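K.L.:
Below you'll find the structure I mean.
The values are calculated or read from the model by the stated rules, or taken from the named source; none is laboratory data. Please read these numbers as outputs of a predicted model, since none were measured by experiment. Backbone-built Cβ (ideal geometry, glycine too); neighbour counts: all protein chains shown. For the accessible areas, the whole protein counts, side chains as well, though only heavy atoms, and no ligand, DNA or RNA atoms are used. Shrake-Rupley method; radii C 1.70, N 1.55, O 1.52, S 1.80 Å.
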Amino acid sequence: MKIYLKSPDNSRIIEFQNENEVGAGFIGWQPATEQQITIYLLDKAKTSKLAEIKAKRDEALNKNITFDNKEYKGTENARTLFCTRFNLGIFPIEWRFVDDINWINLNKEKATGLANAFLDDSSSMYQKETNFLIALNQATTIENINNIIINY
């Protein structure tokens, strides 16, 4: 049975799997109330979900982009480099496919299309992240938090 102890100054709660884990360093700590345990578990669930949101966002930022029936490198660094080259306005832009072997020269029209694909993908991803964060902020139970499905 899990044990929840609160510090003497009520600033934190520590969770133990059983009585054997509670050492001498916790003399003076008191059992947490049901309300304190609920708040602690809710905060723990929110922290875990937030970490999942960020990890999946970072993963989504590094996926490849399909544009004009071709798959292009889509890592965050590749996106930044491409947009930097695009903003310089020097065309054609030599760019690589996913295989890291084959390259293509993109004229201004094709480069604009790929830049828009990068921007649309990023905008969509950040909008989804915002929606996940709003849902997480509004969650009042662990069940609410567990029902937030993170899918970019």
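K.L.:
Among the strands (runs of 3 or more DSSP E) confined wholly to the stretch 1-88, which include 1 or more residues that are more than 17 Å from the chain's Cα centre (by Cα), of a type in the set (Ser, Thr, Tyr) and surrounded by 10 or more Cβ atoms within 10 Å (Cβ to Cβ)?
P.N.:
Numbers: elements: 3-6, 13-16, 65-67, 70-72.
Passing ranges, in order: 3-6, 65-67, 70-72.
K.L.:
Checking Ile150 against (1) in contact (Cβ under 8 Å) with a residue 24 or more places away in the chain; (2) part of a loop (DSSP other than H, G, I, E, B); (3) open to solvent by 80 Å² or more (accessible area, probe 1.4 Å), only one condition comes out false. Which one?
P.N.:
(3)
K.L.:
Okay, moving on. Could you grab the pairs with beta carbons closer than 8 Å, sequence gap of 6+ or different chains, first residue in the stretch 101-119 and touching a residue at least 40 places away in the same chain (Cβ under 8 Å) and within 18 Å of Asn77 (Cα to Cα), second one open to solvent by less than 40 Å² (accessible area, probe 1.4 Å) and in a helix (DSSP H, G or I)?
P.N.:
Leu114/Phe82; Phe118/Arg79; Phe118/Phe82; Phe118/Cys83
K.L.:
A follow-up question, please. Output the residues belonging to the stretch 123-136 that are more than 13 Å from the chain's Cα centre (by Cα) and closer than 21 Å to Gly74 by Cβ.
P.N.:
Within the stretch 123-136, the first condition is being more than 13 Å from the chain's Cα centre (by Cα), and the residues that meet it are 123-124, 134-135.
If the condition is that a residue be more than 13 Å from the chain's Cα centre (by Cα) and closer than 21 Å to Gly74 by Cβ, then Ser123, Ser124 are the ones that fit.
Residues are listed down the side, and each one gets a yes or a no for (1) out of contact with any strand residue (DSSP E or B) (no Cβ under 9 Å at 6 or more places or on another chain); (2) within 24 Å of Glu52 (Cβ to Cβ); (3) acidic (Asp, Glu):
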| residue | (1), (2), (3) |
| --- | --- |
| Gly89 | yes, no, no |
| Arg96 | no, no, no |
| Asn105 | no, no, no |
| Lys110 | no, no, no |
| Leu114 | no, no, no |
| Asp121 | no, yes, yes |
| Gln138 | yes, yes, no |
| Tyr152 | yes, yes, no |
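K.L.:
Report yes if some residue within the stretch 101-108 is more than 17 Å from Phe67 (Cβ to Cβ) and either touching a helix residue (DSSP H, G or I) at 6+ places or on another chain (Cβ under 9 Å) or in a loop (DSSP other than H, G, I, E, B) (or both); otherwise report no.
P.N.:
Here is the first cut: in the stretch 101-108, the residues more than 17 Å from Phe67 (Cβ to Cβ) are 101.
Of the ones still in play, those that are also either touching a helix residue (DSSP H, G or I) at 6+ places or on another chain (Cβ under 9 Å) or in a loop (DSSP other than H, G, I, E, B) (or both) are 101.
So far as the stretch 101-108 goes, yes, one or more of its residues are more than 17 Å from Phe67 (Cβ to Cβ) and either touching a helix residue (DSSP H, G or I) at 6+ places or on another chain (Cβ under 9 Å) or in a loop (DSSP other than H, G, I, E, B) (or both).
K.L.:
Can you list residue pairs whose Cβ atoms sit under 7 Å apart, with the first residue in the stretch 67-85 being under 10 Å from Phe118 (Cβ atoms) and the second being open to solvent by less than 60 Å² (accessible area, probe 1.4 Å) and part of a strand (DSSP E or B)? Count only pairs 6 or more apart in sequence or on different chains.
P.N.:
Sorted first by the residue in the stretch 67-85, then by its partner, the pairs are Tyr72/Ile65; Tyr72/Trp95; Tyr72/Phe97; Gly74/Ile65; Phe82/Trp95.
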